[in-house]
Amino acid sequence: MKSAWSCGGPLCLKVWTCFFSFAVLGTLCIPANEVNLLDSRTVMGDLGWIAYPKNGWEEIGEVDENYAPIHTYQVCKVMEQNQNNWLQTNLILNQGAHRVFVELQFTLRDCNSLPGGAGTCKETFNMYYYESNNEEGRNIRESQYSKVDTIAADESFTELDLGDRVMKLNTEVRDLGPLTKKGFYLAFQDLGACIALVSVRVFYKRCPSAVRNLAQFQDTITGSDSSQLLEVAGRCVNNSVAEDLPRMHCSAEGEWLVPIGKCVCQAGFEEVNGSCQVCKTGFFRSVLQTPTCSKCPPHSFARLQGSTVCSCEDGYYKMDKDPPTMACTRPPSAPRNAISNVNETSVFLEWAFPEETGGRKDVSYNILCRKISVDVGRYEACGTTVRFLPQRSGLRNNSVMVTDLLAHTNYTFEVEAVNGVSELTNAPRQFVTLNVTTNQAAPSPVSVVRRGQSGKDSISLTWQEPDRPNGIILEYEIKYYEKDQETSYTIIKSKDTEILADALKPSSVYIFQIRARTSAGYGGFSRRFEFETSPYLVAASSDQSQVPIVAVAFTVGIILLALVTGLLLSGRRCGYSKAKQDPEEEKMHFHNGHIKFPGVRTYIDPHTYEDPNQAVHEFTQEIDVSYITIERVIGAGEFGEVCSGPLCLPGKREIPVAIKTLKAGYSDQQRRDFLGEASIMGQFDHPNIIHLEGVVTKSKPVMILTEYMENGSLDTFLKKHDGQFTVIQLVGMLRGIASGMRYLSDMGYVHRDLAARNILVNSNLVCKVSDFGLSRVLEDHAEAVYTTRGGKIPIRWTAPEAIAYRKFTSASDVWSYGIVMWEVMSYGERPYWEMSNQDVIKAVEDSYRLPGPMDCPAALYHLMMDCWQKDRNTRPKFEEIVSLLDKLIRNPGSLKALVNSSHRVSNLVEPNPGASEGSVYASVGLREARVYQSVADWLEGIKMGRYTELFMETGYTSVDVVAHMTIDDLRTVGVNLAGHQKKILNSIQEMRVSLINATGPV
């Protein structure tokens, strides 16, 4: 042994002892997730390990400066052959662990530093283990052991290190498992090394007890597999409850991982620094979703700690569905400033919001109606015949229309304000009272009509007086027409309750409607009554002398018919002469069903009527307001709100309608203007013209009902769906608009305001022309705009002759249609962009035309250019436009050729020989190439500055270079959004035109 260590025994022992003391003192800190099963450094007595053969491993026992024992085993038989020295520990109980770790601290002598030991010296040793359930079988054969590993040193020491008292301690850790028995033995085998085993620590790993998210997780021994995660359920602690079952996973390294679920403090407690603390007085916590205690809301209190709810003060209340954090509230005060507006037997009630809402937003109103009973002189309920629009109770708006009241009757209305807590209190009702007296009203409809005698060409009728005449009936008006021929009818007036309608067709069904008139005006028409004439009477006489008489009579009839026809057509050319005959008589004569011209329809200007109400009567259908339900407000116009809701006429299915209303306080002129558009729409019947369903003029508010177009105006619809339609779909929309305009042109009507904003789109993408009846006057203004009763209309849709000479014709509508085509193909882009109106006028006069939109078929752009011909006589007719679009739809291949911006040299229809070089565009507002001195300025000016860096990086650094970019170039730069591509390309097109024309005429 001395020769092996090359030092004396006492010296070697002293060196080892000094080193061992250092090792023991420096390694006693054990991590929390490790539990020792054996630590040789902490054993106070003899370890009791067995070494065999006896002269192999040798135990050296010393104490450190604190008199703590140091147990060391060493062996150094390096000069002898065939060494096989074993050291066996006592039985180590694993305490339920299935995987344990062995930490060895040792020193090992470098074989090269031993003279003469090169052939027999080793620098490794082996570690084994053997599982057992008891200590009785310590005589274990070598073959029974399971090898753990061969242990080698990272550092070995030499004799020089001994002289300098430098000891190189190695630490190695190995794991055993899975273990299946109660305990195990460790054994160390030496095959000829010079080694000192300083300490042996056996331990297992656990996930230590922890509190996470208010859940307690117990000590958990790790699994037997190095990759195994053990799921452990937690237990809520400290006044907490499980929001979701808390769980965590214990890893093989003794770490808590993957927390799932958590505990939260129960109601009345809040989490503070990881524990639940009780809510203080004046605070509460009622739901687990709120993390902290909240101060009691206004008008409530909590006098106890740990409160889960706050109680309301006297006079304040809270609904069950109110959130806990909401303040206690009280009923509102009465409505203020209530006013009434009586219109015959209807009353419009309006009031202001209560001064005190009680702290709530759910204020609504209930209307109580009572009338004075003439017989007993006291108030009684109004009854179920009175109608409230939109409803009697639960009103959210501050107005209501009350209809079907009795004439010349005193009423009192109580407008009560309530909110969500009004029912929780016994306080008096909060209401304001209005007393009104109704006026004389138009009579109610005639309800009973009976047929008398009927001949082959006549029908006699009798009827009963209306249930509510509301005054002295002055006369009755009887309207009748052949069934399914509603547009051609006859009016008869009678002071009696019977008439004879003659000159009818034999064996034909006729529709009759009757209404009464008092000094208050006409009542509503009765329901439709159907009566049929008798069949032809066939004469059996063979008297041939009747034939000449019949022939002569027939000839005279034809001549008279021709004369009347000529007079009427002459009258249509010359207009209606109000000096020669009564306009109403003429209207009735022309439309009366006795003289008709099948297939010929002509637009009649409502302004030619001396009485505008007669035009409304002639061309519109009066609808009872009870058939209409207003559901929501969808917009606002000049005359009032625009609403939507269902219309349910008797015997017809319910349909959605748009409802234009005339606001209260209107003047007679405003009413005429409002109904004027209805008088125009009522004359049109075409699938691409907005359809008038009817009007409400007998009650207030006055309403115009049209079909409901779900997708709204065309320009807004296209902007919202930019780039989402195929070319065929867009051409289909254009074809619908052109078809509607062809119909208007054939009727002799000039629209004068055709634009995408005045085209409505339904759910099937059918486009319909709207916005009729606006009178236009050209102002002498620098911006040159048309002033209408509907507001300012920009001139960028208007033909140049209409601006210059006020020449509005179907040809000027064709010009506007070309602009609409451009709007559709550019998905709602503003025509002429940001150019001023004055610049637009100058540019068009100088033959500038809008460039083709991006990806626009060349055939469509050519049609646009045809529509924009300066000479109105060379523009296509709407009939030709429809025919051309039909051809394009039938041949989709003709739409493949697109307007290529790189091939378009100029957008001039014709050069202006009188213009100086570059002057054409000097004044039209196309300023991109001149104003923008750099690409960065240009991109910022069109609000595309986000792409500046990309343009610079790809070499597009000057305006001249940018002016030649195509859509492929934009994609190369990195502009991939279709909308951004379109906007940039449109600007580039204008830039290119400006650059070309700045250098000389094309």
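The values are calculated or read from the model by the stated rules, or taken from the named source; none is laboratory data. Everything numeric here is computed off the predicted structure, so don't read it as measured data. So basically every Cβ, Gly included, is an ideal-geometry build from the backbone, and we count neighbours across all protein chains shown. Remember, those area values only see protein heavy atoms, side chains included, never the ligands or the DNA or RNA. Shrake-Rupley method; radii C 1.70, N 1.55, O 1.52, S 1.80 Å.
Structure summary
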{"read-out": "Output for the range 435-484, where each listed residue is within 21 Å of THR620 (Cβ to Cβ), modelled with pLDDT of 85 or more and not hydroxyl-bearing (Ser, Thr, Tyr)", "value": "PRO445, VAL446, GLU477, ILE478, LYS479, GLU482, LYS483, ASP484"}
{"read-out": "Given (1) open to solvent by 20 Å² or more (accessible area, probe 1.4 Å); (2) not in a helix (DSSP H, G or I), number of the condition ALA187 does not satisfy", "value": "(1)"}
{"read-out": "Residue in the range 961-983 that is modelled with the lowest pLDDT, counting only those that are assigned to a helix (DSSP H, G or I) and more than 36 Å from the chain's Cα centre (by Cα)", "value": "VAL961"}
{"read-out": "Subset of the range 465-486 that is surrounded by 15 or more Cβ atoms within 10 Å (Cβ to Cβ) and in contact with a Phe, Trp or Tyr (Cβ under 9 Å, 6 or more places away or on another chain) - its residue that is nearest to SER519 (Cα to Cα)", "value": "TYR476"}
{"read-out": "The range 81-123, residues that are open to solvent by 50 Å² or more (accessible area, probe 1.4 Å), assigned to a loop (DSSP other than H, G, I, E, B) and closer than 22 Å to VAL198 by Cα", "value": "ASN84, ASN90, GLU123"}
{"read-out": "The range 638-670, residues that are surrounded by fewer than 17 Cβ atoms within 10 Å (Cβ to Cβ), within 29 Å of ASP605 (Cβ to Cβ) and charged (D, E, K, R)", "value": "GLU638, GLU641, LYS663, ASP668"}
{"read-out": "Any chance TYR708 is in contact with a Ser or Thr (Cβ under 8 Å, 6 or more places away or on another chain) and either at pLDDT 95 or above or among the aromatic types (Phe, Trp, Tyr) (or both)", "value": "yes"}
{"read-out": "Search result, residues across the range 1-46 that are more than 60 Å from the chain's Cα centre (by Cα), at pLDDT 50 or above and surrounded by fewer than 18 Cβ atoms within 10 Å (Cβ to Cβ)", "value": "LEU28, CYS29, ILE30, ASN36, ASP39, THR42, VAL43, MET44, GLY45, ASP46"}
{"read-out": "Single condition PHE725 does not satisfy, out of (1) in contact (Cβ under 8 Å) with a residue 60 or more places away in the chain; (2) open to solvent by 10 Å² or more (accessible area, probe 1.4 Å)", "value": "(1)"}
{"read-out": "Given (1) among the aliphatic types (A, V, I, L, M); (2) more than 30 Å from MET127 (Cα to Cα); (3) touching a residue at least 24 places away in the same chain (Cβ under 8 Å), index of the condition VAL198 fails", "value": "(2)"}
{"read-out": "Qualifying residue in the range 510-518 (condition: touching a residue at least 12 places away in the same chain (Cβ under 8 Å), out of contact with any strand residue (DSSP E or B) (no Cβ under 8 Å at 6 or more places or on another chain) and surrounded by 17 or more Cβ atoms within 10 Å (Cβ to Cβ))", "value": "yes"}
{"read-out": "Residue in the range 152-174 that is open to solvent by less than 30 Å² (accessible area, probe 1.4 Å), in a strand (DSSP E or B), free of Cβ contacts under 8 Å to residues at least 60 places away in the same chain and not hydrophobic (A, V, I, L, M, F, W, C) present", "value": "no"}
{"read-out": "Selected residue (criterion: farthest from VAL657 (Cα to Cα)) from residues of the range 728-751 that are open to solvent by 50 Å² or more (accessible area, probe 1.4 Å) and not in a loop (DSSP other than H, G, I, E, B)", "value": "ILE728"}
{"read-out": "Looking only at the range 940-960, and only at residues there that are assigned to a helix (DSSP H, G or I) and in contact (Cβ under 8 Å) with a residue 24 or more places away in the chain, the one that is farthest from TYR832 (Cα to Cα)", "value": "LEU950"}
{"read-out": "Matching option when the condition is in contact (Cβ under 8 Å) with a residue 24 or more places away in the chain and under 24 Å from SER745 (Cβ atoms), among GLN670, GLN683", "value": "GLN683"}
{"read-out": "Output for the range 225-243, where each listed residue is of a type outside the set (Val, Ile, Thr), modelled with pLDDT of 85 or more and either open to solvent by 80 Å² or more (accessible area, probe 1.4 Å) or assigned to a strand (DSSP E or B) (or both)", "value": "LEU229, LEU230, GLU231, ALA233, ARG235, CYS236, SER240, ALA242"}
{"read-out": "Residues satisfying the stated conditions in the range 599-646, i.e. of a type outside the set (Val, Ile, Thr), more than 21 Å from THR490 (Cα to Cα) and in a strand (DSSP E or B)", "value": "ARG632, GLY635, ALA636, GLU641, CYS643, SER644, GLY645, PRO646"}
{"read-out": "Yes/no for VAL400 being open to solvent by less than 60 Å² (accessible area, probe 1.4 Å), over 13 Å from VAL342 (Cα atoms) and among the hydrophobic types (A, V, I, L, M, F, W, C)", "value": "no"}
{"read-out": "Among residues of the range 495-523, those that are over 59 Å from the mean Cα position of the chain (by Cα) and farther than 16 Å from GLY455 by Cβ, counted", "value": "3"}
{"read-out": "The range 647-687, residues that are more than 22 Å from ILE634 (Cα to Cα), in a loop (DSSP other than H, G, I, E, B) and not small (Gly, Ala, Ser)", "value": "LEU649, PRO650, LYS652, ARG653, GLN683, PHE684, ASP685, HIS686, PRO687"}
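Per-residue answers, yes or no, for (1) in a loop (DSSP other than H, G, I, E, B); (2) under 24 Å from GLY712 (Cβ atoms); (3) open to solvent by 10 Å² or more (accessible area, probe 1.4 Å); (4) without any contact (Cβ under 8 Å) to a residue 24 or more places away in the chain:
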| residue | (1), (2), (3), (4) |
| --- | --- |
| ARG796 | no, yes, no, no |
| PHE808 | yes, no, yes, no |
| ILE819 | no, yes, no, no |
| ALA859 | no, no, yes, no |
| MET864 | no, no, no, no |
| ASN873 | no, no, yes, no |
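Here's the yes/no breakdown for (1) at pLDDT below 90; (2) surrounded by 15 or more Cβ atoms within 10 Å (Cβ to Cβ); (3) assigned to a strand (DSSP E or B):
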site: LEU245; (1), (2), (3): yes, no, yes
site: ALA267; (1), (2), (3): no, yes, no
site: GLU270; (1), (2), (3): no, yes, yes
site: PRO291; (1), (2), (3): yes, no, no
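One line per residue, one yes/no per condition, for (1) open to solvent by 70 Å² or more (accessible area, probe 1.4 Å); (2) modelled with pLDDT of 90 or more; (3) more than 30 Å from LEU434 (Cβ to Cβ):
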| site | (1), (2), (3) |
| --- | --- |
| ASN273 | yes, no, yes |
| THR281 | yes, yes, yes |
| SER286 | no, no, yes |
| SER333 | no, yes, no |
| PHE348 | no, no, no |
